[in-house]
1. With everything on Cα atoms, drop me the angle between helix B:163-176 and the longest principal axis of chain B, reported from 0 to 90° to the nearest 10.
2. List every residue whose amide H lies under 5 Å from the amide H of A:Gly325, counting only residues 5 or more places away in sequence or on a different chain, with H placed 1.01 Å from N in the peptide plane.
3. Each residue of the range B:111-121 in order: what ³J(HN,Hα) in whole Hz does its phi give by Karplus 6.51 cos²θ - 1.76 cosθ + 1.60, θ = phi - 60°, with x for Gly and Pro?
4. Taking the mean number of other Cβ atoms within 10 Å as a proxy for protection, how do you rank A:116-127, A:302-313, B:150-161 from highest to lowest?
5. Of the peptides A:32-42, B:227-237, how do they stack up when ordered by the mean number of other Cβ atoms within 10 Å, highest first?
6. For chain A, what proportion of DSSP beta bridges, expressed in % and rounded to the nearest 5, is antiparallel?
7. Viscosity 0.890 mPa s, temperature 25 °C: what is the translational diffusion coefficient of chain A from Stokes-Einstein with a Kirkwood Rh over Cα pairs, rounded to a whole number of µm²/s?
8. Specify the inter-centroid distance of the range A:176-200 and the range A:269-328, based on alpha-carbon positions, in whole Å.
Number of protein chains: 2
Amino acid sequence: MRQPTMRDVAKAAGVSPATVSRVVNDERYIRPETRAAVERAIAELGFHRNEIARTLRPGQAANTVALVIEDPGNPFWSAIIRGAEQIARRHRHMLVVGSTGQDYDQERDLLRDLVRRRVDGLLVVPTAHDHVDLHHELAGRVPMVFIDRVPPGVPADSVVLDSFGGAQRAAAHLISAGYRRIAYLGGDPAVHTGAARQAGYRQALADAGLPCDPALISLGNHTVEDAARSAAALLTAPVNADAVFADNNRICVGVLHAAAAHGEVGIAGFDDVELVDLLPRPVALITYDAVELGRQAATLLFDRIGGSTADVRRLVLPTTLVHRGRRS
Amino acid sequence: MRQPTMRDVAKAAGVSPATVSRVVNDERYIRPETRAAVERAIAELGFHRNEIARTLRPGQAANTVALVIEDPGNPFWSAIIRGAEQIARRHRHMLVVGSTGQDYDQERDLLRDLVRRRVDGLLVVPTAHDHVDLHHELAGRVPMVFIDRVPPGVPADSVVLDSFGGAQRAAAHLISAGYRRIAYLGGDPAVHTGAARQAGYRQALADAGLPCDPALISLGNHTVEDAARSAAALLTAPVNADAVFADNNRICVGVLHAAAAHGEVGIAGFDDVELVDLLPRPVALITYDAVELGRQAATLLFDRIGGSTADVRRLVLPTTLVHRGRRS
């Protein structure tokens with residue numbers, strides 16, 4: 001007896017094969033009636049989900065999507081890999097990961113190479129440099145979803161964190177704890193997330209009627225060591241910061257090292273940091289579900305691969321302020 | 001004027017093109033006379049290293065090597081990615097990364113898929129399950145280097161850590177610090193590194209004339225949470241361990257959480273753990289250069305891709321015992 005194909009199920013349910021694919025793969029944004037019709041057709045044809053799933057995209061050798069990130073060594077990016085991989089596996093695709101090391105030339109070569117190899121779709125964390133032309137060119141050739149940062153004007157879906165809101169909440173927390181000279185330690189200010197976090201920090205200061213002393217702002221910190229050096233300078237004369245907001249987890253680790261040599265220092269940071277809960281000092285962190293960031297981005301991508309022509313979507317994931325560390 | 005190719009340089013130097021490639025790429029294990037001859041030929045032909053490097057493998061569309069690891073979320077694996085990527089970039093190859101999640105089916109599908117796609121070479125951290133047949137089959141079709149674990153009997157190069165020696169040194173350190181009931185917390189004992197580390201631990205106990213109480217051995221800890229639960233049980237009655245050796249960094253983080261609820265506990269672990277140096281307790285860690293592990297493995301791989309038919313090589317990288325954390 002012939003195995004029923006996705007087309008048989010689609011015909012019986014009166015929907016497109018792409019819709020069957022989306023139901024089989026448990027995707028969101030499917031009307032309950034549509035889901036019910038497809039599931040009824042599957043049941044009538046007497047086949048299990050998995051058997052249907054195996055018939056998807058028959059004869060195609062590709063079935064690969066690529067994720068292009070900055071640095072696989074950062075727990076933030078590796079959580080995104082895990083999330084994207086879960087969704088890719090569910091869609092029976094292989095996920096390959098390439099890294100840009102924050103270098104635009106590397107990003108361009110990697111993306112062009114992946115498109116030449118005909119991956120089915122791209123998940124991309126763009127580097128700071130806005131090369132809208134490149135992203136425009138590629139977005140016209142292959143489904144593409146941006147993660148964490150959005151190149152302006154490129155017509156592609158994206159998933160980002162609420163950077164402004166998170167940073168604002170963290171800085172407001174330090175102010176309410178009594179700190180008045182709060183330093184901001186960031187990386188490349190041309191990166192959208194960095195700009196948004198610095199704006200959130202400034203907003204919190206403005207809301208509290210505090211002046212924003214330019215001497216308290218340190219940018220260009222790309223490694224733990226950079227951040228430790230910059231924080232040490234900010235915490236001593238003449239700047240004499242009494243607290244620090246760290247733009248990301250690498251910077252936060254550097255700040256923690258620098259602060260260990262000081263007495264009372266208020267510390268808050270964007271991103272979670274492992275073992276901070278066992279440190280003998282309080283640390284406020286802006287956390288979120290990075291695995292979910294990868295999952296949501298991959299879900300949007302497979303929706304496009306499945307043929308969706310919906311308007312460009314931009315999801316903003318919420319953040320949470322948590323209190324880590326122990327008061328000694 | 002025609003650009004000189006690698007073959008021109010090889011001819012002038014009286015060596016093989018593979019040797020020129022190795023000199024250009026600054027690889028090790030090249031005799032000084034050979035290096036000098038190649039460099040002289042490059043100088044005579046009036047070309048810079050980089051220009052020669054660009055002529056390598058002309059016309060090839062592939063230029064991809066793949067790294068298959070367990071979990072990109074663990075800093076150990078991400079350091080290996082970084083090291084392998086450095087070498088791949090130097091050879092103008094793209095590195096793609098796939099993960100097995102310690103699942104043999106996933107490993108098999110991924111490896112077969114990569115070979116079908118004609119990657120130029122594979123760097124593989126094999127899962128615990130010994131499927132020598134699979135590795136044998138693939139090693140016959142594509143250059144392959146194993147990292148961290150070695151499937152027995154497969155004729156392929158490998159780079160591993162000195163697991164036995166490192167664990168022995170860590171356990172001996174706990175003994176010399178006065179601990180007598182030292183627990184061993186490990187993962188899957190079928191994994192070669194786990195078996196070697198447990199053997200090193202047992203050797204240290206035997207060397208000190210201490211009995212090895214089976215109640216002190218806890219296996220099957222795969223997550224931070226598993227390890228925290230197991231450590232909490234070992235540190236209380238009836239086992240009453242006074243120290244713990246953690247087989248890897250995930251397990252060590254779990255042990256640190258469990259130990260925070262106890263008084264004096266000796267802790268040692270294999271792998272480095274970020275921020276441990278700021279904790280208010282001493283922790284002894286077995287460290288090594290994981291980036292170098294990736295670099296060495298990729299270097300062996302490109303040597304094979306370049307045509308080397310040398311005997312199968314197994315590099316064992318040394319480990320170091322470091323004292324982290326602070327005495328309160």
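1. Helix B:163-176 and the main axis of chain B meet at about 30 degrees.
2. A:Asp277, A:Leu278, A:Leu279, A:Val283
3. 5, 4, 4, 5, 5, 4, 7, 6, 5, 6, x
4. Details: A:116-127: 21.2, A:302-313: 15.3, B:150-161: 19.2.
Final packing ranking: A:116-127, B:150-161, A:302-313.
5. B:227-237, A:32-42
6. Roughly 15 percent of the beta bridges in chain A run antiparallel, per DSSP.
7. Taking Rh from Cα pairs, D becomes 113 µm²/s.
8. 18
Every read-out reported here was derived from the displayed coordinates using simple, explicitly stated rules and does not represent laboratory data. Bear in mind the structure is a predicted one, so any value in this text is a computation, not a measurement. For neighbour counting, all protein chains shown are included, and Cβ atoms are generated from backbone atoms with ideal geometry for every residue, glycine included.
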